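A short worksheet on the structure shown next.
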Amino acid sequence: MIETLVDFLGILIILVTFEILNQSYVKPMINSIALQSILLAILIGILGVFRHSIELIALSILTLMVRGLLIPWIIRRDIRNNPIWDYREVETRVPSLTLAGILLAIVGYVLYQPLHSILNVKSGVLAIVLLLLSFLIMIARKNAFAQLVGYISEENALLYVSVLTNLPMVFEAGVLLDLLGIVLVGIILAAEKEYGYVELEKLVG
């Protein structure tokens, strides 16, 4: 029962990630990454209860508060003050990104097969696919906010892998990733205030 529920949540997380790939607008991407983080927090919380792990339950609450609520709220508040985000599209080719995402999902499945017998984690393939899709979001988008969404998704993928494989110090790693995420948000918002709405090229150097 627990495994089925965890697999179901993992599939929902992947579907939400494909929704991020299919989005051209920043606001829906922010909403989608918040939903992805909330689903991951629920997944971690379920595993924490099942394993009787206070550490995982605390990590679930932290993930929900920071990635599911705090960071999306900060970004929404910032873009709400600038009307350009009401109509501005991220420059990207959505159909080709979707196709690339499907191909990466297949590659992730193939890559995970040799690891399955070693890790013996059924849902591990979903975590690997999420890792690859998140990396695609980061490298394919040119807008800094969209890249931030990819970074948060990448953090979620790393946490997903760590929790499923029951790696040690997963709570400490989650805290560190959340701190890095908050720092990155601060850097992007500071750059936006200095240079206007932020593109990747304006962050280089």
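Overview of values
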item: Cβ pairs under 6 Å, 6+ apart, first in the range 43-57 and within 15 Å of Leu5 (Cβ to Cβ), second of a type in the set (A, V, I, L, M) and exposed (fewer than 15 other Cβ atoms within 10 Å of the Cβ); result: Phe50/Ile2
item: Subset of the range 1-24 that is in contact with a helix residue (DSSP H, G or I) (Cβ under 8 Å, 6 or more places away or on another chain) and over 21 Å from Ala105 (Cβ atoms) - its residue that is modelled with the highest pLDDT; result: Leu5
item: Some residue of the range 106-123 being surrounded by 16 or more Cβ atoms within 10 Å (Cβ to Cβ) and modelled with pLDDT of 75 or more; result: yes
item: Long-range neighbours under 9 Å by Cβ, at least six apart or interchain, first residue within 23 Å of Ala144 (Cβ to Cβ) within the range 85-108, second at pLDDT below 65 and not aliphatic (A, V, I, L, M); result: Trp85/Tyr197; Arg88/Tyr197; Glu91/Glu199
item: Looking only at the range 71-89, and only at residues there that are loosely packed, with under 12 Cβ neighbours inside 10 Å, within 16 Å of Pro28 (Cβ to Cβ) and of a type outside the set (D, E, K, R), the one that is modelled with the highest pLDDT; result: Ile84
item: Looking only at the range 35-78, and only at residues there that are part of a helix (DSSP H, G or I) and of a type in the set (Gly, Ala, Ser), the one that is nearest to Glu172 (Cα to Cα); result: Ala58
item: Candidates Glu155, Glu172 - the one that is at pLDDT 70 or above, outside any loop (DSSP other than H, G, I, E, B), crowded, with 21+ Cβ neighbours inside 10 Å and among the acidic types (Asp, Glu); result: Glu155
item: Verdict on Gly68 being among the small types (Gly, Ala, Ser), modelled with pLDDT under 90 and either surrounded by fewer than 16 Cβ atoms within 10 Å (Cβ to Cβ) or within 23 Å of Leu133 (Cβ to Cβ) (or both); result: no
item: Count of residues meeting criterion [in a loop (DSSP other than H, G, I, E, B) and farther than 13 Å from Gly150 by Cβ] in the range 1-34; result: 2
item: Residue check, Ile30 modelled with pLDDT of 95 or more and more than 18 Å from Ile102 (Cβ to Cβ); result: no
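The values are calculated or read from the model by the stated rules, or taken from the named source; none is laboratory data. Keep in mind that what you see is a predicted model, and the values were worked out from it rather than measured. All Cβ positions, glycine included, derive from the backbone under ideal geometry; neighbour counts span all protein chains shown.
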